[in-house]
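Colleague: Can you keep this structure in mind? I'll have questions shortly.
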Amino acid sequence: MSDSYLIKGGKPLNGEVVLSGAKNVALKTIIAALMFKGDVTLENIPKINDVLDLIKLIKSLGAKAEFKEKNTLVINSDSLKSNLVELQYGSKIRVSFMLFAPLLRRFGECFVPNPGGCRIGARPIDRIINGLTALGIKVDYDSDTGYYHAKIINKPKGKYRFEKPSHTGTELLMMIGLMTNEKVEIDNIANEPEINDLILYLTSAGANIKEEGKKIIICKSPQLKQKEPFIIMSDRNELVTYATLAVASQGNVIIGPIKEDLIASFLEIMRVAGAGVEKIAKDKFRFFYQGKIKPVNIETSPHPGFMTDWQPSWAILMLAAKGESVIHERVFENRFSYVEELKKLGAKINFIDIKIENEEKFYHFNYEKNKKYQQTIRIQGGNELHNAILNISDLRAGAALACAALLVSDETVVNGASILERGYEDFVGKIRKLGGEIKKI
Ligand code: EPU
């Protein structure tokens, strides 16, 4: 099967992109649907590889899931029969560990493999396992099989404070909290808008969840039952990919629907970089080239900061800016797999060391004192790029590489299309609609 793109770039991209539903909401609503009784209808679900893999996984557990219309998925888990996530399904998708919640609810115990997903750093789930334990779940790990065995001894209750916030950790513990007969409090939570969308989905089905700043409080909730279809929010990461590409290619692209507050930090920094940004409707923005792009340094951080998922796209915009810029990654270790690939195109990028006062506090991953990290790059933008053969090794890096190829006027081959398509719906179709030359080979 073809898993590469052949891209001939160098042209300004113009037109309109209609955003798909957010991957990082869709996956969680599908998993949480296994905690509901009866049919669950989810609208705006992107048909991306991660979603399709997750559907195979939940079907392997006995759930029913079917697309009724292009992006409307109906799930029914009344016939769920297995409490073991098979490795062939679980290893493909990072969020498979979130199945702890529905499987524990249904069976009282479950077997879940250590999660797969994008190789962007060690990505342990230690905080999440500590959280499960603090709420009263017994969790054992078998290093021979690579499986966690989780068991409910008593109904979850009590408090857990994340030492450092975790996005999927917050979501999983919140779902576990729904099994309480009393009260569960989770403190120092992550605040990404995608988490709020999941809360909206659960509370609209009866869940008793309250968010108070950096805390979530979950009280005894009735059996979840959907009253009306839930519509997934738009994908902010997809917007950033197309917006940076629009400006870097000296084009003009309208993107929506999206709520302004979800991308405020991105809009602000685009304006600082001299990009044209215009709100043309309540939920639509025009991104356009309006003359020289300025180099702007960024540092990633959790919401409301500049998201880690956006930094590979920012690197592409900075390649088109004249001068030096710095990207400092604080959330994940090893999120620069695109750097060596971009160098093949002639990009001038190098890793640099920046002195940080309290690294353990500053970085969101589990920082180890004597380990060598590469968290910062310096980009010398404004140089002509040439073609090459590029290899994708993680999702957001993949989107950045395909976008870089769209800035090169010769033909570039980008291998690993299926990794990019884990998170981008109809990437080829959307790029072609903007006038880009791209095909699968
Ligand atoms: N971490 C730990 N231990 C834990 C949990 C997290 O060390 O138990 C570390 C992580 O390795 C990372 C940092 O803490 O260095 C923050 O991780 P977090 O748990 O917040 O990230 P995540 O839940 O694994 C989600 C998204 C990511 C997105 C981040 C940040 C999903 C499925 N994934 O990951 O999205 O970058 O939050 O918002 O929701 C993507 O879409 O490409 C993607 C990677």
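Colleague: Principal axis lengths of segment 255-299 from Cα atoms, whole Å, largest first?
Modeller: Principal-axis extents of segment 255-299 (Cα, largest first): 29, 24, 10 Å.
Colleague: If you don't mind, there's one more thing I want to ask. For segment 114-273, what does the accessible surface come to per residue with a 1.4 Å probe? Please give it in Å².
Modeller: Heavy-atom accessible area per residue stands at 41 Å².
Colleague: Over the chain, what relative contact order in percent results from Cα pairs under 8 Å that are six or more residues apart?
Modeller: 21
Colleague: Here's a follow-up. Kirkwood hydrodynamic radius, computed over distinct alpha-carbon pairs, for segment 291-362: how many Å, to one decimal?
Modeller: This gives a value of 13.3 Å.
Colleague: A further question on this structure: Going by average Cβ neighbours within 10 Å, how do the peptides 244-257, 59-72, 372-385 rank, with the highest at the top? Provide the component values of the computation, followed by the final result.
Modeller: Numbers: 244-257: 22.8, 59-72: 15.1, 372-385: 17.4.
The densest-packed peptide leads the list: 244-257, 372-385, 59-72.
Colleague: Counting only Cα atoms, I'd like the Rg/Rh figure for segment 200-297, Kirkwood definition for Rh.
Modeller: In segment 200-297, Rg relative to Rh is 1.16.
Colleague: Could I have the simple spin-label model distance between S79 and K433, label points 7 Å from Cα toward Cβ, reported in nm to one decimal?
Modeller: Those two pseudo-labels are separated by 3.6 nm.
Colleague: With n ≥ 4 as the cut-off for DSSP H runs, can you work out [θ] at 222 nm for the chain, using -39500 (n - 2.57) per run divided by the number of residues, rounded to the nearest 500? Write down the numbers at each step before the final one.
Modeller: Details: 15 runs with 129 residues, N = 441.
The helix contribution divided over the chain gives -8000 deg cm²/dmol.
Colleague: If I take all pairs of Cα atoms in segment 37-101, what percentage of them are more than 18 Å from each other?
Modeller: The answer is 34 percent, as a whole percent.
Colleague: In the neighborhood of K430, defined by Cβ-to-Cβ distances under 11 Å, what is the net charge if each Lys or Arg adds +1 and each Asp or Glu adds -1?
Modeller: So the environment of K430 carries a net charge of -2.
Colleague: Also: Can you compute log10 of I(q)/I(0) for segment 10-141 with the Debye formula, treating each Cα as one identical point scatterer, at q = 0.11, 0.20 Å⁻¹?
Modeller: Each listed q corresponds, in turn, to -0.43, -1.20.
Colleague: Angle check, please: helix 49-60 long axis (alpha carbons) against the longest principal axis of the chain (alpha carbons), in degrees 0 to 90, nearest 10.
Modeller: 20
Colleague: Compute the acute angle (0 to 90°) between the alpha-carbon long axis of helix 395-405 and the principal axis of greatest extent of the alpha-carbon atoms of the chain; round to the nearest 10°.
Modeller: Rounded to the nearest ten degrees, it is 20.
Colleague: Per residue of segment 35-48, what does 6.51 cos²θ - 1.76 cosθ + 1.60 with θ = phi - 60° give for ³J(HN,Hα)? Whole Hz please, x for Gly and Pro, Karplus curve as stated.
Modeller: Running phi through 6.51 cos²θ - 1.76 cosθ + 1.60 with θ = phi - 60° gives 9, 8, 9, x, 6, 10, 10, 10, 9, 6, 7, x, 8, 10 Hz.
Colleague: Full-extension gain between R161 and A134, please, as 0.36 nm times their residue separation minus the C-alpha to C-alpha distance.
Modeller: Length difference between fully extended and current span is 8.8 nm.
Colleague: Here's another thing I want to ask about it. Just to be sure I understand the curve: with the Debye formula and one point per C-alpha of the chain, what is log10 I(q)/I(0) at q = 0.08, 0.12, 0.14 Å⁻¹?
Modeller: Debye curve over Cα of the chain, log10 I(q)/I(0) at q = 0.08, 0.12, 0.14 Å⁻¹: -0.45, -1.02, -1.34.
Colleague: Determine the distance separating the Cα centre of segment 192-243 from the Cα centre of segment 369-402; give it in Å without decimals.
Modeller: Going from one Cα centre to the other spans 33 Å.
Colleague: Take each of the peptides 80-89, 407-416, average the number of other beta-carbon atoms within 10 Å over its residues, and list them starting from the highest.
Modeller: 407-416, 80-89
Colleague: In percent, what relative contact order does segment 23-231 have, based on Cα pairs under 8 Å that are 6 or more apart in sequence?
Modeller: In percent, rounded to a whole number, it is 19.
Colleague: Compute the orientation-averaged projected area for segment 23-231 from the convex hull of its Cα atoms and round it to one decimal in nm².
Modeller: Mean projected area for segment 23-231: 10.4 nm², to one decimal.
Colleague: Restricting to bridges with both residues inside the chain, how much of the DSSP beta-bridge set is antiparallel, in percent to the nearest 5?
Modeller: Among the beta bridges of the chain, antiparallel pairing accounts for roughly 75 percent.
Colleague: Among Y141, Y363, what's the order by accessible area (1.4 angstrom probe), most exposed first?
Modeller: Listed by decreasing accessible area, they come as Y141, Y363.
Colleague: Please give the helix 236-248 orientation as an angle from the longest Cα principal axis of the chain, in degrees from 0 to 90, rounded to the nearest 10.
Modeller: 0
Colleague: Report the extension gain between K372 and I352 in nm, rounded to one decimal, defined as 0.36 nm multiplied by the number of residues separating them, less their alpha carbon distance.
Modeller: Between K372 and I352, full extension yields an extra 6.0 nm.
Colleague: Let me ask something else. Please report, in whole Å, how far the alpha carbons of segment 140-181 spread along each principal axis, starting with the longest.
Modeller: Reported extents, whole Å, longest axis first: 32, 26, 15.
Colleague: Residues in segment 184-220, backbone N under 12 Å from the label point at K227 (7 Å along the Cα-to-beta-carbon vector): list them, ranges by number please.
Modeller: 203-207
Colleague: Could you sort 352-358, 432-438 so that the peptide with the highest average Cβ count within 10 Å comes first and the rest follow in order?
Modeller: So the peptides 352-358, 432-438, ranked by packing, come out 432-438, 352-358.
The values are calculated or read from the model by the stated rules, or taken from the named source; none is laboratory data. For clarity, every value in this text was computed on a predicted model and none was experimentally measured. For neighbour counting, all protein chains shown are included, and Cβ atoms are generated from backbone atoms with ideal geometry for every residue, glycine included. We work out accessible area using only protein heavy atoms, side chains counted, and drop any ligands, DNA or RNA first. Shrake-Rupley method; radii C 1.70, N 1.55, O 1.52, S 1.80 Å.
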